[in-house]
Amino acid sequence: MGAGHAHKLYRHGHSPVHALPPHCKLVAVLGFVVVVVSTPREAVWAFALYAALLAAVAATARIQAGFLLKRLVIEVPFVAFALLMPFVVPGEQTEVLGVSLSVAGLWGAWNVLAKGTLGVAASVLLASTTDLRSLLLGLQRLRLPPLLVQIASFMIRYGDVVTDELRRMSVARRSRGFEARGVRHWGVLAKTAGALFIRSYERGERVHLAMVSRGYTGTMPVIDEVTATRTQWAHSAALPVLALVVCLLGWTL
């Protein structure tokens, strides 16, 4: 099992973080995110410490801050939602720069921004230090249902194939003088989407027939068996354990 290529998020390296088994890193990131979400939003200092922990991991993995910040753009929709909360959430009001804002909305916005940003940053670090094939093997090692692992594997493998198909259709339209410039061209774009769906479905049928003809019976062969030592588990546990200590202090102080 594996992905046929490396994703753009992945940064090849030989750091201690890269060397950790994928299932160890998956468990560590999941544990870290659960701890962050469980932290009371009023413990502002705790989120600063979480950010420092992620910065230490990034430094160990030799992931540049610029690379990490660019990938955080994916959370822009959540930022937009959070910015609206102080204006729409009812309750006690406060003045900020002459603008009346909801106190509950401000806390809610902070809660979404802080926890969402830390979760996305942890996920980006995971993707940056673990190639897709290893992630799939790690999920299988963690006993994720095989069908879900196969679906994820095929999605990764053929996502770029479908994207290339769409690009070729776009080139074909432009070569015939078509440019989408307004609402009146939406019909053509809708037909393109329909044609892409049909082509993708037919390609999937052909791929399935080819797999069955080669002996596919519903399970994928595992080429490598990923294992982890106690030392590697201990190194992976450092991030969620330290985060848990911070969380407990946040609830008690």
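The values are calculated or read from the model by the stated rules, or taken from the named source; none is laboratory data. Just so it is clear, the structure is predicted and the values come from calculations on it, not from any experiment. Reconstructed Cβ throughout: ideal geometry from the backbone, glycine too, with neighbour counts over all protein chains shown. Please note that ligands, DNA and RNA were not included when accessible areas were found on the heavy atoms of the full protein model with its side chains. Shrake-Rupley method; radii C 1.70, N 1.55, O 1.52, S 1.80 Å.
Report every pair of residues separated by at least 6 positions or lying on different chains whose Cβ atoms are under 7 Å apart, first residue within segment 54-76 and open to solvent by 80 Å² or more (accessible area, probe 1.4 Å), second hydroxyl-bearing (Ser, Thr, Tyr) and not in a helix (DSSP H, G or I).
Note: pairs meeting the criteria are Arg62/Ser15.
Any residue that is assigned to a helix (DSSP H, G or I) and surrounded by fewer than 10 Cβ atoms within 10 Å (Cβ to Cβ) - is there at least one of those in segment 236-245? Before the answer, list the steps.
Restricting attention to segment 236-245, the residues satisfying the condition of being assigned to a helix (DSSP H, G or I) are 236-245.
Then keep just the ones that are surrounded by fewer than 10 Cβ atoms within 10 Å (Cβ to Cβ); that gives none.
Scanning segment 236-245 turns up no residue that is assigned to a helix (DSSP H, G or I) and surrounded by fewer than 10 Cβ atoms within 10 Å (Cβ to Cβ).
Is it true that some residue in segment 21-39 is without any contact (Cβ under 8 Å) to a residue 60 or more places away in the chain and part of a loop (DSSP other than H, G, I, E, B)?
No.
Any residue that is without any contact (Cβ under 8 Å) to a residue 60 or more places away in the chain, closer than 30 Å to His23 by Cβ and assigned to a helix (DSSP H, G or I) - is there at least one of those in segment 191-205?
Taking segment 191-205 as the starting set, the residues that turn out to be without any contact (Cβ under 8 Å) to a residue 60 or more places away in the chain are 191-205.
Now drop any that are not closer than 30 Å to His23 by Cβ, which leaves 204.
Applying the additional criterion that residues be assigned to a helix (DSSP H, G or I) yields 204.
Yes, because at least one residue in segment 191-205 is without any contact (Cβ under 8 Å) to a residue 60 or more places away in the chain, closer than 30 Å to His23 by Cβ and assigned to a helix (DSSP H, G or I).
Report, by residue number, each residue of segment 170-204 that is loosely packed, with under 10 Cβ neighbours inside 10 Å and among the acidic types (Asp, Glu).
The answer is Glu179, and nothing else.
How many residues are surrounded by 14 or more Cβ atoms within 10 Å (Cβ to Cβ) and either of a type in the set (Gly, Ala, Ser) or within 15 Å of Ser123 (Cα to Cα) (or both) when one looks only at segment 30-50? If you could, list the steps in order and put the result at the bottom.
Start the filter on segment 30-50 by keeping residues that are surrounded by 14 or more Cβ atoms within 10 Å (Cβ to Cβ), which leaves 30-36, 38-39, 41, 43, 46-47, 49-50.
Remaining after also requiring either of a type in the set (Gly, Ala, Ser) or within 15 Å of Ser123 (Cα to Cα) (or both): 30-36, 38, 43, 46, 50.
Number of matching residues: 11.
Out of (1) open to solvent by 40 Å² or more (accessible area, probe 1.4 Å); (2) part of a loop (DSSP other than H, G, I, E, B), what's the single condition that is false for Arg167?
With (1) open to solvent by 40 Å² or more (accessible area, probe 1.4 Å); (2) part of a loop (DSSP other than H, G, I, E, B) applied to Arg167, the lone miss is (2).
For segment 107-115, indicate whether the set of residues that are free of Cβ contacts under 8 Å to residues at least 40 places away in the same chain and over 30 Å from Leu49 (Cβ atoms) is non-empty.
No - not one qualifying residue is present in segment 107-115.
Residues are listed down the side, and each one gets a yes or a no for (1) closer than 30 Å to His235 by Cβ; (2) among the hydrophobic types (A, V, I, L, M, F, W, C); (3) more than 22 Å from the chain's Cα centre (by Cα); (4) at pLDDT 90 or above:
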{"residue": "Ala46", "(1), (2), (3), (4)": "yes, yes, yes, yes"}
{"residue": "Ala58", "(1), (2), (3), (4)": "yes, yes, no, yes"}
{"residue": "Leu84", "(1), (2), (3), (4)": "no, yes, yes, no"}
{"residue": "Gln93", "(1), (2), (3), (4)": "no, no, yes, no"}
{"residue": "Leu101", "(1), (2), (3), (4)": "no, yes, yes, no"}
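Criterion first (modelled with pLDDT of 85 or more, over 29 Å from Leu239 (Cβ atoms) and either out of contact with any Gly (no Cβ under 9 Å at 6 or more places or on another chain) or of a type in the set (D, E, K, R) (or both)) does Leu166 satisfy it? Write out each step before concluding.
Working: modelled with pLDDT of 85 or more: yes; over 29 Å from Leu239 (Cβ atoms): yes; either out of contact with any Gly (no Cβ under 9 Å at 6 or more places or on another chain) or of a type in the set (D, E, K, R) (or both): yes.
When the stated conditions are applied, Leu166 passes them.
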